[in-house]
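Structure record follows, encoded as structure tokens.
The values are calculated or read from the model by the stated rules, or taken from the named source; none is laboratory data. Keep in mind that what you see is a predicted model, and the values were worked out from it rather than measured. In this analysis, Cβ positions are derived from the backbone assuming ideal geometry, glycine residues included, and neighbour counts consider all displayed protein chains.
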Number of protein chains: 2
Amino acid sequence: MIVSCCINGEIVPGTQASIPVSDLGLLRGYAIFDFCRTAHGKPFLLEKHLVRFRRSAALMELPLNYTDEEITKLVYDTLEHSGLQEAGIRLLLTGGFTPDSFTFTEPTLIITAEHLALAPEKEVQTGVKLMSHTYLREMAEIKTTNYSEALRLRHQVKGQQAYDILYHHNGHILELTRSNFFIVKGQTIITPSDHILKGITRRTVLDLAATVYKVEERAVLWHELAEADEAFLTGTNKRLVPVAKVDDQQIGTGKPGKVTLHVYQLFREFEKNYQPGYSFA
Amino acid sequence: MIVSCCINGEIVPGTQASIPVSDLGLLRGYAIFDFCRTAHGKPFLLEKHLVRFRRSAALMELPLNYTDEEITKLVYDTLEHSGLQEAGIRLLLTGGFTPDSFTFTEPTLIITAEHLALAPEKEVQTGVKLMSHTYLREMAEIKTTNYSEALRLRHQVKGQQAYDILYHHNGHILELTRSNFFIVKGQTIITPSDHILKGITRRTVLDLAATVYKVEERAVLWHELAEADEAFLTGTNKRLVPVAKVDDQQIGTGKPGKVTLHVYQLFREFEKNYQPGYSFA
């Protein structure tokens, strides 16, 4: 739930956070976003999210008329207004008001502080089941707001008692609806390199894992799933979750693997020791 | 400009028409729409737009909890509230409020009455230039709100002094950002059949043209453009506009062709004689 929302610099309670119907973000899906969260009450890896947010905006030709410092300040202000300790922080840049449902005028920057629902510890203990679906996200490398395929399939996901959808295309494993995917073979951790959204948690996990394991970013073929010893997913609001099953196919022993749980611990330690490189306290 | 807006049955002035930031239509691009217009102050071909609107909703798994008669009544009420004689009428069905930026609860139905900007007569006299771009719309047959590629390319369109973008993919001509495309060879009118949004004006033009000319709905190859005698586009707020040029390639004589202008006249006559099959006067 959105607790506080900053719209073009003005902070309002979440219940009052609204945009005109005549916003290109609504009428034409012309919007990019990023999503980070707090750790110990402070934004976690915000500087990396800002790099990606700015890149998404540039690739989408959406002007972002704020410096990183200005956005960071607004994030801190919105967080403070919300009173939340554990929060999801959404940065949303929309096409803004359009007089005729198509012409661009000025973008709108929205920052929200939301209740955070981190993946529960239970799922880390048991692993989750995924449903596979053939799909290639349009402009996968840009974090656009286009998630209609994932929403459209919500009934199927529920029907199959799946945790999420694993997209694949032309025999290549890609990503989940809002997470990245990894397989483990022996002491090697492998994750798709292309046609995916490059996750911040993905990057952090790869960097941490590389200190202990061999890591590979490359095309991952569908048949490699059958040969995998372990599999897991990563995401900002999920950290790292072991994958026990894809459709009816059991991964490895069907239980969270040693490498997966070790990398999870490395990530938890990193998070515990994390300090933002800036402060507006 | 939106003059009047009906949100879940409640009509407000356009200046007050807003939706919560926590709408899946904004946060996740989970929304479908349709767009029709008035002729002689009454909705034009609304019954056909409703068929397509309902089909888009069904394919996108978005519940549309209104009958056609209820929606038609709301359209008439919104039009009356707006006081507009010549109006664009938008039907928008969004994913509605989400508590956590992903979970679906209830859809939101939005109906707007907007100032209508029909393509000026000048363009019918001279023809327009198009810019080509390789792109296959995701779920092209569903009228989703995803037009981000078109908006992203707005600077290129302007730079090339083009009227719009002609999408093509794998050597096949597809459609424009918000219009359908036709070529004419001799007495035959040809238009792409697949991976396009099936326009209401497209259908009407094909039906009218078929009384005089041979019409073909089929795959249209890129190289057929060079062999075309004429080309034109159709759209709800454009009627029919001749195409004189695609990139640097002149179509036929580079002037609106005889068949094109004849079909335009057939359409204008049809529009002149059109009477809605219902009334809430």
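Of the residues making up the stretch B:158-171, those that are in contact with a His (Cβ under 9 Å, 6 or more places away or on another chain) and surrounded by 18 or more Cβ atoms within 10 Å (Cβ to Cβ) are B:I165, B:L166, B:Y167, B:H168. Of all residues in the stretch A:166-185, one or more are within 13 Å of chain B (Cβ to nearest Cβ), polar (S, T, N, Q) and in contact (Cβ under 8 Å) with a residue 24 or more places away in the chain. Residue count for the stretch A:1-34 under the criterion of being charged (D, E, K, R) and without any contact (Cβ under 8 Å) to a residue 40 or more places away in the chain: the result is 1. Looking at (1) in contact with a strand residue (DSSP E or B) (Cβ under 6 Å, 6 or more places away or on another chain); (2) crowded, with 22+ Cβ neighbours inside 10 Å; (3) in a helix (DSSP H, G or I), which is the only condition B:Y264 fails? Status for B:Y264: all satisfied but (2).
Residue check: A:A58 meets all listed conditions (1) more than 11 Å from chain B (Cβ to nearest Cβ); (2) free of Cβ contacts under 8 Å to residues at least 40 places away in the same chain but one, namely (1). For the stretch A:241-281, the set of residues classified as among the β-branched types (V, I, T) and within 26 Å of A:T134 (Cα to Cα) consists of A:V241, A:V243, A:V246, A:I251, A:T253, A:T260, listed by residue number. Looking only at residues in the stretch A:91-109 that are at the interface with another protein chain (Cβ under 10 Å from one of its Cβ atoms) and of a type in the set (G, A, S), the one that is surrounded by the fewest Cβ atoms within 10 Å (Cβ to Cβ) is A:S101. The strands (runs of 3 or more DSSP E) found wholly in the stretch A:1-75 and carrying at least 1 residues that are of a type in the set (S, T, N, Q) and over 28 Å from B:R152 (Cα atoms) occupy A:2-7, A:31-39. Of all the residues in the stretch A:3-20, those that are surrounded by fewer than 24 Cβ atoms within 10 Å (Cβ to Cβ) and either facing chain B (nearest Cβ under 7 Å) or closer than 16 Å to B:A31 by Cα (or both) number 4.
Every listed requirement among (1) touching a residue at least 60 places away in the same chain (Cβ under 8 Å); (2) surrounded by 14 or more Cβ atoms within 10 Å (Cβ to Cβ); (3) out of contact with any Pro (no Cβ under 7 Å at 6 or more places or on another chain) is met by A:P276 save one, (3). Of all the numbered requirements in (1) buried (at least 18 other Cβ atoms within 10 Å of the Cβ); (2) farther than 22 Å from A:D23 by Cβ; (3) in contact with a Phe, Trp or Tyr (Cβ under 9 Å, 6 or more places away or on another chain); (4) touching a residue at least 60 places away in the same chain (Cβ under 8 Å), B:I71 misses one, and that requirement is (4).
On inspection, B:L24 passes the criterion of being in contact with a Phe, Trp or Tyr (Cβ under 7 Å, 6 or more places away or on another chain) and within 14 Å of another protein chain (Cβ to nearest Cβ).
Conditions (1) surrounded by fewer than 16 Cβ atoms within 10 Å (Cβ to Cβ); (2) assigned to a strand (DSSP E or B); (3) charged (D, E, K, R), marked per residue:
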{"position": "B:R202", "(1), (2), (3)": "no, no, yes"}
{"position": "B:D207", "(1), (2), (3)": "yes, no, yes"}
{"position": "B:V215", "(1), (2), (3)": "no, yes, no"}
{"position": "B:L225", "(1), (2), (3)": "no, no, no"}
{"position": "B:T234", "(1), (2), (3)": "no, yes, no"}
{"position": "B:V241", "(1), (2), (3)": "no, yes, no"}
{"position": "B:A244", "(1), (2), (3)": "no, yes, no"}
{"position": "B:P256", "(1), (2), (3)": "no, no, no"}
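Restricted to helices (runs of 4 or more DSSP H) entirely inside the stretch B:83-197, those with at least 1 residues that are touching a helix residue (DSSP H, G or I) at 6+ places or on another chain (Cβ under 7 Å) and not acidic (D, E) are B:121-126, B:148-152. For A:F35, state whether it is within 12 Å of chain B (Cβ to nearest Cβ) and touching a Ser or Thr at 6+ places or on another chain (Cβ under 9 Å). Answer is yes for this residue. Of the residues screened, B:T134 is one that is assigned by TED's automatic domain parsing to the domain that holds B:V205 and surrounded by fewer than 17 Cβ atoms within 10 Å (Cβ to Cβ).
Kindly indicate whether B:A150 is among the small types (G, A, S), within 14 Å of another protein chain (Cβ to nearest Cβ) and within 20 Å of the chain's Cα centre (by Cα). Answer is yes for this residue.
On the basis of being of a type in the set (D, E), under 20 Å from the mean Cα position of the chain (by Cα) and away from chain A (no Cβ under 11 Å), does B:E80 make the cut? When the stated conditions are applied, B:E80 does not pass them.
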